[in-house]
Amino acid sequence: MSTATRTAPQGDPGARAAAPRPGLRARLRPHGMVWLVWRQHRAGLWTVLALAAATTGALLWVRGDLADTLAANPLVAGEDFDMALVPHVDRIDLVGLALTFVPLLIGVFLGAPLFAGDLESGTAKLVGVQSSSSRRWLLTKLGTAAAVACLGAVAVGLAFRGWWDLISAWGIGPTFETTQVFDSTGPVLVAMTLLALLIGATVGLYLRRTLPAMVVTLGILVALKIAWEPFRLAFGSTTTVTTSDGTASGPPRPPDGAVHLDTFRLAADGGSHDGESCVPPGQVEPDDAWCEESQEIVGWSVEYLPLSQLAPMQWLSAAALGAVALGVGVLLRHAARRALR
């Protein structure tokens, strides 16, 4: 006895329903233009992700080492305790300074070759003859590189912030307005990384050669890093504390975590006097008693930035850097039209 087998016709819905569905791994794998961009730049993108993962892991490890040091010492300030934290303070200064160069490295080694390599080799000419538009190609390459760079910056910035929070709670280590902390944590690191990537990509589109684009990008980012330094404190709102009971007891101390900016002697008319105006004739050191009598000093005026200003300052700084990035984006669009026409 034989059994007949019926084959469903090609247009039968039952045949389509029986077709195997792609697995989760296949569905999550990049396709189309994203896959092409990833394949082309996989060495650089994987390097960024690997370095970010290794740096994040190392920062989490040293934070754990610091936590063990704090747990093994008495919870009181003392000479032995302070000496135990000195290596951690030196280490966090060095690492924080190194992290400020992350945007520079991203701009030079990821941003500059992003388009310059294709333009130099001539492969960018193939974009116009493919089904995908040059605009989609441009946005996909930028978006993929930006996503990887920003992901790494977020992970590293969060890990470093956790390490700094632990040591700054003891009133030691770099203060929050320093380059080591302010530019290496929070949205500022992400904004600077994205801006550096855009600058590198724009320079690559204009110069159309990889090595010159990397050199010029390096020079621009170094100049930008130097120019950025004076503007950091401009995004904060300072707090001023005054006293009116004389100067014998000394100026008031800012709260823990605050950044001390300046201290003046306060006169009865509301004027402020620095230490030099309180030095009697023929002496070299200020004399509080003489100053109170001759200058009518009534107390102290202390100006500082509270720790609560860190987050607002960083978000305002990121917004300012974002505005600069928008300007760079306009230049990038112009450069892309010239390079791909």
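Some notes on this structure:
- Boolean, ARG333 is of a type in the set (Lys, Arg) and assigned by TED's automatic domain parsing to the domain that holds TRP164: yes
- SER244 being in the same structural domain as VAL302 (by TED's automatic domain parsing), exposed (fewer than 12 other Cβ atoms within 10 Å of the Cβ) and closer than 9 Å to TRP300 by Cα: yes
- Qualifying residue in the range 312-324 (condition: of a type outside the set (Val, Ile, Thr), in contact with a strand residue (DSSP E or B) (Cβ under 9 Å, 6 or more places away or on another chain), crowded, with 18+ Cβ neighbours inside 10 Å and at pLDDT 90 or above): yes
- Answer from MET214, MET192 - the residue that is within 30 Å of TYR304 (Cα to Cα) and buried (at least 18 other Cβ atoms within 10 Å of the Cβ): MET192
- LEU166 crowded, with 17+ Cβ neighbours inside 10 Å and over 18 Å from THR56 (Cα atoms): no
- Helices (runs of 4 or more DSSP H) completely within the range 10-109 that count 2 or more residues being at pLDDT 85 or above, more than 25 Å from the chain's Cα centre (by Cα) and under 19 Å from GLN180 (Cα atoms): none
- Selection count where residues are in contact with an Asp or Glu (Cβ under 8 Å, 6 or more places away or on another chain), at pLDDT 75 or above and surrounded by 15 or more Cβ atoms within 10 Å (Cβ to Cβ), scope the range 247-278: 6
The values are calculated or read from the model by the stated rules, or taken from the named source; none is laboratory data. Predicted model only: the values in this text are computed from it and were never measured. A quick note on method: Cβ atoms are made from the backbone with ideal geometry, for glycine too, and the neighbour counts reach across all protein chains shown.
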